[in-house]
Each structure stands twice: as structure tokens, then as C-alpha cells.
Amino acid sequence: MNMESIIGYVIFKFFGADSCLLHGTLVDSSLLRHPDHKHEYTPATSYSCKIDLNHKSNSYQSELITQSLDKLLQLKPFHSPTLEQWSYFYRTLLFEHGLNRGKHIDYNRLKEKIISSFGSKWLRKYDLYPEDSEICWLKTIFRKHRKAFSYLEHLVVWHSILGSGWQVADIFKQVCLQPKENKASVTPLLDATEKDKTKYRDLWLVAVVKNGVNYARKYKFGYVYAWLYRHDRDWLLQVNNQHKVPNITKNQRIDWHKRDRHLVKLLCRIKNDIELQLDEPRHSMNWYLSKLDCGSTVGKHLNDLPLCKLFFMKFCENIAEYQIRRITCAVIAQSLSKNTLRRWQILRMSGLSEQRLTSLADTFLLRVIRI
């Protein structure tokens, strides 16, 4: 087999290219898609991949994508363009083909162009149908690039807008020629005397300790911040980092007080219902939360629910209390059967042992049950 057929066979494995340039759809191939030995190498030979000169691809879309991928795989290594260069390229592409509306995307026309080029069925098959949401891939690819896009998304746009006659290598050359965004240079520090530095440092320290960094900067002490930033920046940033105030936001949409009272009533009702049921699991906080419909929310917001927090502190069973309840249950069962109470039997019925017995439960057995 020559190199062309091998490349064609490899492209068959790519998402979006469901045919081979040389062999078509490979429907007559003797190779299994998921063989028993998945790591076994199988070369593309004339036996396993029969050449059909009259081969046909599944669709014209597949033919376009496969041809572009063939060119893409044959490109020599080069430095990848930056996200800023991709942004400039797509912005220029939009304006050159009249798919803009002022400085914005004419999304309706762009969407029609994509659908007319590749068809709704094919686009939906590969999850590329352009939706009307703000996070649709087709909208975001023409905005400032903050992430990488898949090769299939790029190829769909290029084929739809540029038509025929373009080359993948030429596209990358155009992208690499786009300007790179220059990083803002750091403003050099201005000279200042130690006397002035001490004066402004003292002012800023008083303001920051009293009001916090953000408040001091926005109200009354902005001029001090500006002076220090120009003349004593390292000291300013170090002090600000030491006096950071956490930005705590309260969700005002929820009446936590009302919810707290409602939930604590439910918890009290649960406690009253199971108080005499000695064979229940341990009444821990997680056990109570599991009985509520919104248990996970309650567990995350205990600081907003002081009554619920107090309930858990007062009524949740610790391990010693749980052991005593299990011992009590076993003692009652033995007493009803009129059997002699023996310590080893009670421990076995309670699922306990001398090693795991807490000191409080041990005291309960010795002084209350007297065994």
C-alpha cells in the first residue's frame, strides 16, 4: 500500500470523516471496528482494504471534511497561532464576507450560510447545529477567543464561508500573519524621598486597617493609593495582600429565618416520631438530613439556620449514646424472653465488643444493668 492509502485509512478514524479518500466507506473491509485485541497493529493492505475505483463516500459533507483532514495531516510542524490571532482572523473573515451588522455578528445570515452548506441533518449528527443561545459555538468562534475550538468547527466555518479553492496551509499562514496582542508594559516607578514614602505609607495603613483595601481606594484615599502605586508599588501590593477582606455575598432572595423555623419544626417532628423506636440507626446529623427533602441544602447552610444548628448540637446521638440504646434494646429483648442477662450475650446482641465499648456504655452496663 502506498502512503496515500495509509493516510486515507487513518482519516477514517477521525470524527466527522466517515469515509476514506481511496477506499470510500470501507463497507467491504475485513477489519473489525472493535477487534478482540484492540492494541494489535493491522496494516492497511490490498487484502484488508479492497480498492474500488468507483467508490462513493457517505455524503458530500464527509468528502469535504476528509479532503481537508488529509491536507491538515500533511502539514509540517509549526508554532500554533495565539488566541488573539484567531480572534483577529475570524473578525476579518466576518467583515470581508459581509456577515457583520456594524461591529456585531449578523448571526441569522451566518447561521443560514452554515445550514445551507452542510445541511441540518449532518450538523445535528455531529452536534454542530447552530442554536440561538449565547454560548453556541458558532457565536463564540467569531468573538474574542478564550478557548480552543475543534478542527471540525473550524472546517465547517471555512467551507461554508470561503466556498471552494482555498487550502488549509494558506489559512494557517493568514492566521499566523495576524497581529499578536501586546501585553501592557509595567509603568516605571517615579522617584520619591523616604520622608514622602513614610508619610503616604502611614496614611494608607490607617485607611486600610480601618476600612479595608477596596473601600479605602474608592472613598477618600484614592489619591494615596495612586501615589503609592507610582512611587512605592511593591510595598503597596504587599500591604494590600495582607489586609484582604473576603467578599461575602448574602443571597437576599431566601428568607433564611422563615426557612429555619419551618425546618426545625420538621426535625422536632421526626425526633418525636422515632423517640421510642430503639432499633433505629444512629440519630446523627446526616441521618436527620436524610429524612428531609432538602437535606443537602441544610447541611451547606447551617450558619444561616441557627435553630437547626442548635437542634443538631442538642439532639444528635454520639457513639456512646447510640451504644447505650443498642444495649437497652438487647436487654429488653432478653428480659421479655425471661432469659438471664449475661454480659457477653448482651454485647453480641448489640453488635458490640469489649474493645469497641465506650467508657460511658461500659459504666451503663456495670451500674445500671449490673452485668
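For the list (1) surrounded by 10 or more Cβ atoms within 10 Å (Cβ to Cβ); (2) among the β-branched types (Val, Ile, Thr); (3) at pLDDT 85 or above, I need the number of the one condition that residue 245 fails. Failed condition: (3). Residues of the range 165-210 that are in contact with a Lys or Arg (Cβ under 8 Å, 6 or more places away or on another chain), of a type in the set (Val, Ile, Thr) and not in a helix (DSSP H, G or I): 187 alone. Counting only residues that are hydroxyl-bearing (Ser, Thr, Tyr), at pLDDT 90 or above and in a loop (DSSP other than H, G, I, E, B), the range 147-164 holds 1 of them. Listed conditions (1) surrounded by 16 or more Cβ atoms within 10 Å (Cβ to Cβ); (2) touching a residue at least 40 places away in the same chain (Cβ under 8 Å) are all met by residue 306, apart from (1). Quick check on residue 300: is it assigned by TED's automatic domain parsing to the domain that holds residue 260, under 24 Å from residue 275 (Cβ atoms) and not small (Gly, Ala, Ser)? No, not satisfied. Quick check on this structure: which one of 155, 177 is farther than 15 Å from residue 94 by Cβ, of a type outside the set (Ser, Thr, Tyr) and surrounded by 13 or more Cβ atoms within 10 Å (Cβ to Cβ)? It is 155. Tallying residues that are part of a loop (DSSP other than H, G, I, E, B) and modelled with pLDDT under 90 within the range 285-331 yields 5. Would you confirm whether any residue within the range 120-131 is of a type in the set (Gly, Ala, Ser), assigned to a helix (DSSP H, G or I), in contact with a Leu (Cβ under 9 Å, 6 or more places away or on another chain) and exposed (fewer than 15 other Cβ atoms within 10 Å of the Cβ)? No, every residue in the range 120-131 fails to be of a type in the set (Gly, Ala, Ser), assigned to a helix (DSSP H, G or I), in contact with a Leu (Cβ under 9 Å, 6 or more places away or on another chain) and exposed (fewer than 15 other Cβ atoms within 10 Å of the Cβ). Note on the range 77-108: residues that are more than 32 Å from the chain's Cα centre (by Cα) and free of Cβ contacts under 8 Å to residues at least 60 places away in the same chain total 6.
Residue 198 - would you say it is over 27 Å from the mean Cα position of the chain (by Cα), among the hydroxyl-bearing types (Ser, Thr, Tyr), modelled with pLDDT of 90 or more and not assigned by TED's automatic domain parsing to the domain that holds residue 88? Answer is yes for this residue.
In summary, residue 240 fulfils each of the numbered conditions (1) in contact with a helix residue (DSSP H, G or I) (Cβ under 6 Å, 6 or more places away or on another chain); (2) of a type in the set (S, T, N, Q); (3) outside any helix (DSSP H, G or I) with the single exception of condition (3). Applying the criterion of being loosely packed, with under 14 Cβ neighbours inside 10 Å and hydroxyl-bearing (Ser, Thr, Tyr) to the residues of the range 201-228, the residue that is modelled with the highest pLDDT is 223. Residue check, residue 215 against (1) outside the structural domain of residue 92 (by TED's automatic domain parsing); (2) among the aromatic types (Phe, Trp, Tyr); (3) closer than 30 Å to residue 111 by Cβ, all met but one. Which one? If we test residue 215 against (1) outside the structural domain of residue 92 (by TED's automatic domain parsing); (2) among the aromatic types (Phe, Trp, Tyr); (3) closer than 30 Å to residue 111 by Cβ, just (3) comes out false.
The values are calculated or read from the model by the stated rules, or taken from the named source; none is laboratory data. Treat the numbers as computed from the prediction; the structure is a model and nothing was measured. Virtual Cβ from ideal backbone geometry, glycine too; neighbours counted across all protein chains shown.
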